[in-house]
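Below: one structure, written as structure tokens.
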Amino acid sequence: MTDKKSIRADYLTIFKKAYTLMDEAVIDGNCGESCDYHCCRRFDDDGKRLGMYLLPLEYEYMQAKVATNYELHTHKLYNLPPKIKKSYYIYCHLESGCLRDYRPIQCRTYPFEPHLENGALSLVIEKEQIHDCPLITHRSEWRQAFIDGVYNGWLELIKIPIIQYHIKYYSKERVAMDNLMIHDPSDGFMALQR
Ligand code: SF4
Ligand code: SF4
């Protein structure tokens, strides 16, 4: 296999593994029933259409065949990290509803975000939330399988250099903006950094 082909095969394996690892429900049962699927809303409170950003290369490796409704945001017009020249912003709400098996990483990791600081990966929750997720105040109910799956999924994904760059960029920004929710282990939050 040529180098390019072997990198493509490696990245595909990483994405597939991450999708599988990150396929755990946050809590027992369907959390969407408690909030009327707030993070799956089609519009925000001001009527603005809502979608979500894919990770770098996620469209190319996992979404190209299923995501039909998207915008391509370019570095020139949107505030993207300097090395990210374009980013896919997808609208998942097709008539058929959730793309369950193909839901993007953003749906699988939420309410966590990956955070890379001093070479260590951790899972964090941001203070600034556009979703009014009731689970954030009920963290003791989160399944360990969800936490482990999300963490291990991100451990896979950071093997892809452009994704690692992307996470580092937003981690720095989060720290600079003081946008990190403090984790208090006595609040029933499991260890998130290993
Ligand atoms: S907002 Fe929270 S509780 Fe509601 S569907 Fe999303 S993750 Fe589940
Ligand atoms: S893909 Fe599914 S889980 Fe993700 S926002 Fe759309 S409806 Fe919600």
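In the stretch 58-84, how many are among the basic types (Lys, Arg) and at pLDDT 95 or above?
So the first thing to find is which residues in the stretch 58-84 are among the basic types (Lys, Arg), and the list is 65, 76, 83.
Checking the rest, the ones that are also at pLDDT 95 or above come to 83.
Number satisfying all stated conditions: 1.
Just the residues that are away from ligand 2 (no atom under 13 Å from the Cβ) and surrounded by 15 or more Cβ atoms within 10 Å (Cβ to Cβ), please, taken from the stretch 40-55.
Across the stretch 40-55, the qualifying residue is only LEU55.
Tell me yes or no: at least one residue of the stretch 122-133 is within 16 Å of ligand 2 (Cβ to nearest atom) and either modelled with pLDDT of 95 or more or touching a His at 6+ places or on another chain (Cβ under 6 Å) (or both).
So in the stretch 122-133, the residues within 16 Å of ligand 2 (Cβ to nearest atom) come out as 129-133.
Add one more test, that the residue is either modelled with pLDDT of 95 or more or touching a His at 6+ places or on another chain (Cβ under 6 Å) (or both), and what stays is 131-132.
Checked against the condition, which is being within 16 Å of ligand 2 (Cβ to nearest atom) and either modelled with pLDDT of 95 or more or touching a His at 6+ places or on another chain (Cβ under 6 Å) (or both), the stretch 122-133 yields at least one hit.
How many residues are hydroxyl-bearing (Ser, Thr, Tyr) and without any contact (Cβ under 8 Å) to a residue 12 or more places away in the chain if we restrict to the stretch 21-41?
Taking the stretch 21-41 first, the residues hydroxyl-bearing (Ser, Thr, Tyr) are 34, 37.
Imposing the further condition that a residue be without any contact (Cβ under 8 Å) to a residue 12 or more places away in the chain reduces the set to 37.
Result for the stretch 21-41: 1.
Of the conditions (1) within 16 Å of ligand 2 (Cβ to nearest atom); (2) touching a residue at least 40 places away in the same chain (Cβ under 8 Å), TYR61 clears all except one; give me its number.
In the conditions (1) within 16 Å of ligand 2 (Cβ to nearest atom); (2) touching a residue at least 40 places away in the same chain (Cβ under 8 Å), TYR61 misses (1) alone.
Checking TYR37 against (1) within 12 Å of ligand 2 (Cβ to nearest atom); (2) over 16 Å from the mean Cα position of the chain (by Cα); (3) at pLDDT 95 or above, only one condition comes out false. Which one?
Answer for TYR37: the failing condition is (3).
The values are calculated or read from the model by the stated rules, or taken from the named source; none is laboratory data. Predicted, not measured: the structure shown is a model, and the values here were computed from it. Cβ: placed from backbone, ideal geometry, glycine included. Neighbour counts: every protein chain shown.
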